[in-house]
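Report on the following structure.
The values are calculated or read from the model by the stated rules, or taken from the named source; none is laboratory data. For clarity, every value in this text was computed on a predicted model and none was experimentally measured. Neighbour counts are summed over all protein chains in view; Cβ atoms, including those assigned to glycine, are modelled from backbone coordinates with ideal geometry. Calculation scope for accessible area: heavy atoms of the full protein, side chains included, ligands and nucleic acids excluded. Shrake-Rupley method; radii C 1.70, N 1.55, O 1.52, S 1.80 Å.
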Amino acid sequence: MGAKLHIQPAHAEPFEVIINGTATIGRTRENTVWLRDSPLVSRQHAIIRWHGTDQYQLVDLGSRNGVYLNDQRLIVPVFLEHGANIRIADNKLTFYEIAEDGTDEHLQATMFNAADSDGIEHTHVALLVCDIRGFSTMAEKTPAGDVAQLLGAWFRETANIVSRVGGTLDKFIGDALLAYWGNSGNPKLNCGAAYAAAKQMLELAAARTWPNGAPFRVAVALHHGAVSVSNVGISAARDATIIGDAVNTVFRLEATAKTLNQPGVLSGDFAALLSGVGKFEDFGERELKGKSQLVHVFGFGG
């Protein structure tokens, strides 16, 4: 199932854009949706990301003037529904799902697009989850516009980190993100790249604060394991999405990072594939929620 945007610009004739994978929205020519002659629109204002489950997620990239979805300011990334109304400054955009033959038709999203086994790849990847600590509490104390701008900028910069070190951003979930590395075919290289991304995210967080001056703290978890990748494989031009026990494990590890008061944790499976990156704090085998087997956990320290 595809999708399109019907755009009614503030100062031009309406037009439509078919979304093939990721669509960027902004006031400069390089964007998929070019909102020209709109000074209140940021250069990179928002992005719509396609997922292998036929879902499209709208993300504000830290714009100053915000993104409004059905008249509500967008704070965290949201999956779009057929007919959703998006407003960016004085520009109105309407999101439509379209059938494979190109006609407008609201189709229910199905996992892996009719479960075509040829569109699923089974592979081992390095996984990273990064979550903002205390987000709900701080969001309650901070004006919505400031939260949206801070979170959007954070997502934009962390997505750039993932891209720079060869990873794939799978999805945003609330204030968390999930990314993976598997393209190199070398587990050690994949884990090394994911670890480098994790360290850069922690450094990025340490350099910023909330508007009230409170520290901006995150927790990062790393794991290596088997996943199923939907769409047409891990190297697809469109965004693939991953599922499997390894995905559940890395999210459980992230919760453990908070329990252990660690900025980051990694599983024994991940640590075994790292080399030359220093020693970690060994927390031994621990029980993770929803897991029948114990998982060896290491901490970044600090």
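Considering every residue within the stretch 71-82, establish whether at least one is over 21 Å from Ala159 (Cβ atoms), assigned to a strand (DSSP E or B), out of contact with any strand residue (DSSP E or B) (no Cβ under 9 Å at 6 or more places or on another chain) and among the polar types (S, T, N, Q).
Among the residues of the stretch 71-82, at least one is over 21 Å from Ala159 (Cβ atoms), assigned to a strand (DSSP E or B), out of contact with any strand residue (DSSP E or B) (no Cβ under 9 Å at 6 or more places or on another chain) and among the polar types (S, T, N, Q), which makes the answer yes.
Could you list, in sequence order, all residues of the stretch 226-246 that are buried (at least 21 other Cβ atoms within 10 Å of the Cβ) and either at pLDDT 80 or above or not in a strand (DSSP E or B) (or both)?
The answer is Val227, Ser230, Asn231, Ala240, Thr241, Ile242, Ala246.
In this structure, does Gly290 turn out to be assigned to a loop (DSSP other than H, G, I, E, B), modelled with pLDDT under 90, of a type outside the set (A, V, I, L, M, F, W, C) and within 18 Å of Met201 (Cα to Cα)?
no
Starting from residues that are over 19 Å from the mean Cα position of the chain (by Cα) and not in a loop (DSSP other than H, G, I, E, B), keep the ones in the stretch 27-46 and report whichever is surrounded by the fewest Cβ atoms within 10 Å (Cβ to Cβ).
Trp34
How many residues does the stretch 206-225 contain that are of a type in the set (A, V, I, L, M) and surrounded by fewer than 19 Cβ atoms within 10 Å (Cβ to Cβ)?
3
Looking for something under 15 Å from Val59 (Cβ atoms), small (Gly, Ala, Ser) and either modelled with pLDDT of 95 or more or surrounded by fewer than 20 Cβ atoms within 10 Å (Cβ to Cβ) (or both) - is there at least one such residue anywhere in the stretch 180-199?
No, because not a single residue in the stretch 180-199 is under 15 Å from Val59 (Cβ atoms), small (Gly, Ala, Ser) and either modelled with pLDDT of 95 or more or surrounded by fewer than 20 Cβ atoms within 10 Å (Cβ to Cβ) (or both).
In the stretch 1-23, what residues are open to solvent by 40 Å² or more (accessible area, probe 1.4 Å) and either in a strand (DSSP E or B) or in contact with a Leu (Cβ under 6 Å, 6 or more places away or on another chain) (or both)?
His6, Gln8, Phe15, Glu16, Ile18
Can you find even one residue in the stretch 56-68 that is open to solvent by less than 50 Å² (accessible area, probe 1.4 Å) and more than 19 Å from Ala144 (Cβ to Cβ)?
As a first pass, look at the stretch 56-68 and keep what is open to solvent by less than 50 Å² (accessible area, probe 1.4 Å): 56-63, 66-67.
From what's left, more than 19 Å from Ala144 (Cβ to Cβ): 56-57.
For the stretch 56-68, residues open to solvent by less than 50 Å² (accessible area, probe 1.4 Å) and more than 19 Å from Ala144 (Cβ to Cβ): present.
What are the pairs, 6+ residues apart or on separate chains, where a residue within the stretch 196-225 that is touching a residue at least 12 places away in the same chain (Cβ under 8 Å) and of a type in the set (S, T, N, Q) has its Cβ under 8 Å from a residue that is open to solvent by 50 Å² or more (accessible area, probe 1.4 Å) and part of a helix (DSSP H, G or I)?
Hits for this filter: Asn212/Lys141.
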